[in-house]
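Below is one structure, written out as structure tokens; comments come after it.
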Amino acid sequence: MSGDDVVDAAVAAALAAGASAADAVLVEDDGASVAVRDGVVERVERHGSRGLGVRAFCGTRVGIAYTNTIDPEAARRTAREAVAIAEISAEDPAAGLPETAELGALEIDLDTVDPGAAGRDVAVWIDLATRAEAAARAEPRIERSEGARAGGGRRTFTLANSAGFHDARAVTSAHVHVAVFATGDGGERQRDLWFDAAVHLADLASPEDVGREAARRAVRRCGFRKPPSGAVPVVFSPLVACDFAGTLVAALSAAAVYARGTFLADALGETVGSAALSLDDDPTLPRRSGSRAFDGEGVRARRTPLLEAGRVTSWLADAYAARRAGCASTGAAGRSFDGAPRVGPSNFVLAAGSRPPADVLADIPSGLYVTELFGMGVNLASGAWSRGGAGLWIERGELTHAVQEFTVAGDLRTMLRGVREVASDLTWFGRSAAPTLVLDGLTVSAG
Amino acid sequence: MLERHPWDGTDPAALGRVLAVALGRGGDLADVFVEERSEARLVLDDGIVRSASAGTVGGTGVRVLSGERTGYAFTEERAERAVLDAARTAAAIADDPRDVAPVRVTRGRRRDLYRAPEPGDAYSPSQRIALVRRAYEAARAVDPRIVHCVVTLEEQVRRITIASSVGVVVDDVQPMTSLRVRCVAEEGGVRTTGNAAWSARRALADLDATLPEDEARSAALQAVGNLAARPAPSGAFPVVLGNAWSGVLLHEAVGHGLEADFNRKGLSRYSGQIGERVASPLVTVIDDGTRAGSRGSLNVDDEGHVSGRSVLIENGILRGYLHDRLSARVMGAEPTGNGRRESYACVPMPRMTDTLMPAGGHDPEEIIRSVERGVYAVRFGGGQVEIGKGDFVFAATEAYLIEGGRVTAPLRDVTLIGNGPEVMSRVTMVGTDFGFSDSAWMCGKDGQSVPVGVGMPTVKISSLTVGGGA
């Protein structure tokens, strides 16, 4: 039985059991991954998962049931369970399928499937991981490896609803990841990693480049110092800027707005940030892992500017959050088979500026270049932001020694206004992209 | 489709056939992990039932070990043919084909720390809705400045069977009930949050009578209290960690670094230091999977080993690591009952269960009084550690300034950062007030999440880096 038949059978069974509306999703994941350490294949894993989820509405009451037994009888049984849950649930005036006019699929080729990236032939992944680790280990000072991993897979998402929507989409992904330890002059040991991921195997960075970058990052950590404490200009590397952009996307979610869970809850239409800041949710980009022709409940995909020159132009919304927050769906429903749709971005892109990062750095007499953030000190409701970090010290416009063992903290409102410049080096990490950023208004603490 | 050999994972003969195929390419050891997980979830969002869901998922994973190499494959089909296919895939990690007779498996031992749910335990949907509504009403009643409240109730029953080529089969039924409350408070443009959660291997019917109200009030009071909070100072200060929740420190600063997968590869900050001093003599740390009904407790781990109580650090001296089967084999140690996995789709790894520091000899009030100027950190949102170097960071969601030996102003969103062994050597006082945090902690490692618990008494760290906005 194909996925099409299963989701159709589930929707029909939900209606037959008394639902006034229903949708059903089938998520199919297949792939393989390997781990290599010191040149030896340490682990080979293959996966193949299926999940069917049914959402049934009885008027404005909703129930969700799911299974990973995929056959027509299980589909019908799961649909009846969803209806039974809806029947005993409570009224939610905002519940329902998206508006029918919004349903549909974008009609451009997003080019999100590469059979080479989906391969279950583990020899491909063993080769990538082995080469990446070998390249890292060939570098001076790299004396120990945590190992390299590589793998690929394909996810297919099939959705049908009782308003006549029926479509499927697929995306492939390949990745390579290396972590190594460098040994410094005093015998100190420093770990770092590098990685790449792509929808098409041809777009994946060469494993040698990934390995050498992991080595370079580990080596440059050696001889680190603690940075001076205090308020200094802070530069986010593109990877760290993606983390920051992800925080902004979460703060611009309609689900956070209606739950009063974001410091931006009253900011629609207001200028909250520097004119250098623009942020889009964009599912329409070819060959990106977050690209999709329709969202998790069948709403046609479109690019949504969230921030334009520092002004909040739209919330990110699925159908439910849109009704609660009093806006329209932006086609941003994420969906797994085992729960309700949730607001989630497709690809998010923090727009690049005009000057290359070296020129931007050259203007900073002294400051902190952050290459890594860790810890969970982000409170979207209050806007408080406080993280552990690692990076490099900037002196007279140049990157100098490594710095570690510090926190960097501020308030997201101040950080948004404090973005002094955005560089031109837009860099992709999975489904997010950002350039180098320079911010004022952060406090560094190193004890 | 009619299946000639349906698979429910309980027939010892069928498990023996799968193990034989798994070893058919020359692997040293194989195991079969069968899991069926039933879940129900209810989300009450500002008094509205936003989401009610239920489902069952399951599958069978086959692992083959060959030296330090692992082959793994799983299937979600309930057919012996599919499980045998997975076994052949996993077997390919080894390359020495041979004939293996079906493995005879006999029933192994397990603990009896929680009871399997019975039909009489099941709450009706309307009882569940009534329970989350009670929590919601209690939170809203605390203060008019509470502007939003979300209550989530989750019930899960995990049925597992593990058969291993050493000839043992063991099964377990693992219940888990969790209640989470999240509140937002607002006043004059300031918005704050409060979170509380409770989780244990107990049925809904066994909950304390006032638990929903207690958790809700706790979350609401935290949110309201944070309205008056000011940014934390930045710099190195004496820090008093409150009891129970602060066990996050043990989990991050000690526990992860003692998981033997990192140590067998020599990658941990604690590698090769058994018998050496790694903490203040006041510090003892235990990983205990045997606390009856507790969130981290296990009758058996996910490799079929009986759960254990492992002393990791005793009076400051490193005593042992947490093992799974692979690390125990490689390091010549006994498994400690810490081989855990998120699901049938995942390989097991050494993981923590409930990680604890026993009570010491100091009066908690005396500990506060001993600090002239510092930070009292009470509740935590979570933490993270870099295992190679031992650097950790964790975020306090409720904290106060200590001035002149007294707890004074509430502080907002404090991040604490330090190095595990360095910070553990700066423990100068340990309170008499051991507390356990059953706050639905989830531990993430290598993409796999497992439920854990933490507990400790009030503890003084003589100096710790505090990162605040001020």
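No value in this document is a laboratory result; all are computed from the given coordinates. This one's a predicted model, so the numbers in the text were calculated from it and none came from an experiment. Don't worry about glycine lacking a Cβ; one is built from the backbone with ideal geometry, like all the others, and counts go over all protein chains shown.
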Excluding A:ASN161 itself, calculate the net charge of residues whose Cβ lies under 11 Å from the Cβ of A:ASN161, where each Lys or Arg counts +1 and each Asp or Glu counts -1.
-3
Taking only the alpha carbons of region A:122-242, what extent do you get along each of the three principal axes, in Å, biggest first?
67, 45, 19
Convex hull per residue volume in Å³, alpha carbons only, for the protein assembly as shown
152
Per residue, how big is the convex hull of region B:150-222 when only Cα atoms are used? Give it in Å³.
106
What number results when the radius of gyration of region A:318-447, computed over Cα atoms, is divided by 2.2 N^0.38 Å?
1.28
Would you please state the base-10 log of I(q)/I(0) at q = 0.12, 0.14 1/Å for chain A, with intensities from the Debye formula using one equal scatterer on every alpha carbon?
-1.10, -1.31
Can you give the Kirkwood hydrodynamic radius for region B:1-145, in Å, rounded to one decimal and based on Cα pairs?
18.8
To the nearest whole percent, what portion of all C-alpha pairs in region B:230-296 is separated by more than 19 angstrom?
50
Phi-based couplings in Hz for region B:335-352 (Karplus 6.51, -1.76, 1.60; Gly and Pro marked x)
x, 9, x, 10, x, 10, 9, 5, 6, 4, 7, 10, 6, x, 9, x, 9, 6
For region B:1-57, restrict the atom set to alpha-carbon positions and state the Rg and Dmax in Å.
19.5, 59
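Give me the compactness ratio for region B:160-314, meaning the Cα radius of gyration over 2.2 N^0.38 Å.
1.38
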With axes computed from alpha carbons, what is the tilt in degrees of helix A:238-251 against the longest principal axis of chain A, rounded to the nearest 10 within 0 to 90?
40
Taking the square root of 5λ for each eigenvalue of the C-alpha gyration tensor of region A:1-153, the equivalent ellipsoid has semi-axes, largest first and in whole angstrom, of 45, 17, 16
Treating the Cα atoms of region A:211-351 as identical point scatterers in vacuum, please give the log10 of the normalised Debye intensity I(q)/I(0) at q = 0.14, 0.21 Å⁻¹, two decimals.
-0.73, -1.24
Charged-residue dipole, Cβ positions (Lys, Arg, Asp, Glu), chain A about Cα centre, Debye nearest 20
840
Could you give log10 I(q)/I(0) at q = 0.11 Å⁻¹ for chain B, computed by the Debye formula over C-alpha point scatterers of equal weight, without solvent?
-0.94
The answer for the per residue Cα convex hull volume of region A:272-369, in Å³, is 148
Per DSSP helix of 4 or more residues, -39500 (n - 2.57); summed, then divided by the residues of the protein assembly as shown. What does that give at 222 nm, rounded to the nearest 500?
-6000 deg cm²/dmol
Largest first and in whole Å, give the semi-axes of region A:97-150's equivalent ellipsoid, each being the square root of 5 times a Cα gyration tensor eigenvalue.
42, 15, 10
Can you tell me the FRET efficiency between A:ALA358 and A:ALA231 if r is taken as the Cβ-Cβ distance and R0 is 25 Å, rounded to the nearest 0.05?
0.55
Listed by chain and number, the residues whose amide H is under 5 Å from that of A:ARG355, excluding neighbours fewer than 5 places away on the same chain and using placed H, are A:SER424
Which percent of Cα-Cα pairs in region B:300-353 sits in each 10 Å bin, short to long?
27, 51, 19, 3
Where the only charges are on Cβ atoms (+1 Lys, Arg; -1 Asp, Glu), what is the dipole of the protein assembly as shown about its Cα centre, to the nearest 20 debye?
1080
Percentage of Cα-Cα pair distances in region A:285-333 greater than 13 Å, rounded to whole percent?
58
Among B:VAL427, B:VAL184, which comes first, then next, by fewest other beta-carbon atoms within 10 Å?
B:VAL427, B:VAL184
Principal-axis tilt of helix B:12-22 within chain B, Cα atoms, nearest 10 degrees
90
Computed over the Cα atoms of region B:113-165, the Rg and Dmax in Å are 17.6, 61
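Determine, from the Cβ-Cβ distance of A:GLU398 and A:ASP38 and an R0 of 35 Å, the FRET efficiency 1/(1 + (r/R0)^6), rounded to the nearest 0.05.
0.45
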Provide a whole-number value for the mean count of partner chain Cβ atoms within 10 Å of the Cβ atoms in peptide A:335-341.
3
May I ask for the distance between the Cα centers of region B:189-218 and region B:11-32, given as a whole number of Å?
45
Taking region B:89-201 as the region of interest, what is the percent of Cα-Cα pairs per 5 angstrom bin, listed from the shortest bin to the one with the maximum distance?
2, 8, 13, 13, 11, 10, 8, 8, 7, 6, 5, 4, 3, 1, 0, 0
Size of charge dipole - region A:87-168 - debye, nearest 20, with Cβ of Lys, Arg +1 and Asp, Glu -1, no other charges:
800
What is the helix-to-structure angle for B:211-227, meaning the angle in degrees between its Cα long axis and the longest Cα principal axis of chain B, kept from 0 to 90 and rounded to the nearest 10?
50
